[in-house]
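Taking it in order: structure first as structure tokens, then the write-up.
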Amino acid sequence: MSRNIEAARELLNRLKKERDGYPRKVIGRITELYTGNNNKRPKPDTFKESSFMYIRSYNNDTGVRPFSGITFWNSPDINISPINNLGVYTTTLEGGTSYNIACRLHNRGDLMIPYPKVEFFLTSPTLGFNTTVAQHLGVTQLPALLLPASNMEANFVYNVPPAESGHKCLFARAWSFSPLDKPFDLFALDPRTDRHIAQKNLNFVPQATPYMFNVVHQPNALETIAFRPLSKDAVLNLQHPAFRDMKIMNITRPEILNRIKMEIVGKPATKVTVENANGALQMRSTGKGLSLDRQAALLKETEAIIHSVNAGRSSFSDHKKMLGIYREMNRNVAVTSMQIVIPGFGLKPGYAAAFDIININQVNGQIKGGITIVAMG
């Protein structure tokens, strides 16, 4: 036998011996790694099963909250259509007509959710939102188990009374008690901070006509209302069936939006003033409530709590005192009615252009609400 063959055989025998010893060595190393006296050794985390239910606020939404700088008032998971024509979605309701409200729920967790509940709130077009100033339509539930990594649709039939005709804003709020997967605030309906809540606020309005909306705000408030044009592609991305019968145009003269005037309608509950500020409208309210500085601190602390809970470092029950103050702030809100005139964009019949009415809370610089207006020729 050649010397090279003999050397190769010795190498293979040595490797085989080492391989046979690996199981014993590995078991000993793993045991030492996780049970040794060295506190610096890593230990496996305790696995906690949980559900993760959410309603999308935008197309690529995965339920991560809070977020900022994202248009959230045209949820792709909420649709309203007459029960005799389910394929025609709308947000303009006619008295005496029955509508089906569909809401799609998602579960990104590892626990199934048996028959989760969904409730709906209806109001006139509104910037900002709160359960204390809306009509509670009712509650429905998913007629099945919401399995992990799945989504399903819950439906609710609403018979519109004559007094509720017109442009509407709709909110959906989902929850489950077993497993516990629910909103953290009873009053505020803020999709930006709570994945259980979503909004549909899209209105079709003839050009050169008056349009009225409400602003829900704190008694003491400093807010900006701005008008921003939407491109043709942004409008078509909303995927509303009505766009099939319209020719969507870009707003070629955005300066028209800067000339929109806003006036207060009726008598507000607080002292409210509106003035022009760098191409936008600044609204200031003075009343009995938390100061602007206290609101800023409270909103900052609440967002920190949400980050902590979502990262698994704490639970909402660990922050009862602070969240109690936050909920009390959201329970005591004011409503101011505003009116503008939709600009005349020179649109011909069958043509449309769109813009957003955006409400920014200057206390924390965050978008508080929005309405998408589709102006029709």
Going through the range 270-279 one residue at a time, which ones are loosely packed, with under 14 Cβ neighbours inside 10 Å and on the phi < 0 side of the Ramachandran plot?
LYS271, THR273, GLU275, ASN276, ALA277
Residue within the range 139-151 that is crowded, with 21+ Cβ neighbours inside 10 Å and either in contact with a Phe, Trp or Tyr (Cβ under 9 Å, 6 or more places away or on another chain) or assigned to a strand (DSSP E or B) (or both) present:
yes
Can you pull out the residues in the range 197-223 that are open to solvent by 20 Å² or more (accessible area, probe 1.4 Å) and either within 26 Å of SER165 (Cα to Cα) or in a strand (DSSP E or B) (or both)?
LYS200, PHE204, PRO206, GLN207, ALA208, THR209, PRO210, MET212, ASN214, LEU222
Hits in the range 115-137 (condition: closer than 24 Å to PRO179 by Cβ, open to solvent by 10 Å² or more (accessible area, probe 1.4 Å) and either of a type outside the set (Ser, Thr, Tyr) or not assigned by the TED database to the domain that holds SER176 (or both)):
LYS117, GLU119
Within the range 224-264, count every residue that is open to solvent by 60 Å² or more (accessible area, probe 1.4 Å) and either within 20 Å of GLY365 (Cα to Cα) or aromatic (Phe, Trp, Tyr) (or both).
1
So if I check each of ASP190, ASP194, ASP185, which one is at pLDDT 95 or above and part of a loop (DSSP other than H, G, I, E, B)?
ASP194
Every residue from the range 77-135 that is more than 25 Å from LEU186 (Cα to Cα), assigned to a loop (DSSP other than H, G, I, E, B), without any contact (Cβ under 8 Å) to a residue 60 or more places away in the chain and not aliphatic (A, V, I, L, M):
ASN84, ASN85
Whether any residue in the range 93-105 is in contact with a Lys or Arg (Cβ under 7 Å, 6 or more places away or on another chain) and either over 17 Å from SER150 (Cα atoms) or crowded, with 22+ Cβ neighbours inside 10 Å (or both) is what I want to check.
yes
Against the definition (at pLDDT 95 or above and either within 30 Å of GLY63 (Cβ to Cβ) or open to solvent by 60 Å² or more (accessible area, probe 1.4 Å) (or both)), how does ARG331 come out, yes or no?
no
By residue number, the members of the range 238-273 that are at pLDDT below 90 and under 27 Å from the mean Cα position of the chain (by Cα) are LEU238, GLN239, HIS240, PRO241, ALA242, PHE243, ARG244
Only one of GLN282, GLN295 is part of a strand (DSSP E or B), surrounded by 14 or more Cβ atoms within 10 Å (Cβ to Cβ), in the same structural domain as ILE342 (by the TED database) and not aliphatic (A, V, I, L, M), namely GLN282
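The values are calculated or read from the model by the stated rules, or taken from the named source; none is laboratory data. All values reported here derive from a predicted model rather than from experimental measurement. A quick note on method: Cβ atoms are made from the backbone with ideal geometry, for glycine too, and the neighbour counts reach across all protein chains shown. Protein only, heavy atoms only, side chains kept; ligands, DNA and RNA dropped before computing areas. Shrake-Rupley method; radii C 1.70, N 1.55, O 1.52, S 1.80 Å.
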